[in-house]
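Okay, so here's the structure we're looking at.
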Amino acid sequence: MADLKGRSEDMKDKVVGEGKKAYGKATDDKSKETEGKAQSLGADVKEKARDLGDDMKKGFEDVKEKFSRKDDKK
């Protein structure tokens, strides 16, 4: 559940960041445009970190399962 909440917060940050970036471009407000880019990029980084964590967890579970099966054969 916590992961779903985190991922939805990341998506919200990305959408809000893209909106700020578009608003900044439309109004020629470089500060707002840069803020939007940074917020969107931050959301992308958090998403990649969550994906990496998921991949590592799955890999650990696969290794654990292989060792478990090996122990069962003894």
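Readers should treat all values here as calculations from the given coordinates under stated rules, not as data from a laboratory. All figures in this text were calculated on a predicted structure; none of them were measured in a lab. Positions of Cβ are backbone-derived with ideal geometry, glycine not excepted, and every protein chain shown enters the neighbour counts.
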- request: Once you've got the GNM for the chain with C-alpha springs shorter than 10 Å, pick whichever of GLY19, GLY59, GLY42 has the biggest mean-square fluctuation.
  value: GLY59
field: Candidate lysines for bridging to LYS5, where Cα separation is under 19 Å - those fewer than 8 sequence places away on the same chain excluded
entry: LYS14, LYS46, LYS48, LYS57
- prompt: So, counting K/R as plus one and D/E as minus one, what does the shell of residues with Cβ under 14 Å around LYS58 add up to?
  reply: -3
message: Taking R0 as 22 Å, what FRET efficiency do you get between ALA38 and SER8 from their Cβ-Cβ distance, rounded to the nearest 0.05?
response: 0.65
message: Can you compute the helix-only [θ] at 222 nm over the chain? Use -39500 (n - 2.57) per DSSP H run of at least 4 residues, normalise by all residues, nearest 500 deg cm²/dmol.
response: -34000 deg cm²/dmol
- prompt: By how many degrees, 0 to 90 and rounded to 10, does the Cα axis of helix 2-27 deviate from the longest principal axis of the chain?
  reply: 20 degrees
field: Candidates VAL15, VAL63, VAL45, ranked by Gaussian network fluctuation over the chain, Cα under 10 Å, top entry
entry: VAL63
- request: Scan (1) 62; (2) 74; (3) 45 for the value of percent of Cα pairs over 16 Å apart calculated from this model and give just the label.
  value: (1)
message: Between ASP62, ASP13, ASP29, where does the largest GNM mean-square fluctuation fall for the chain, given springs only between Cα atoms within less than 10 Å?
response: ASP62
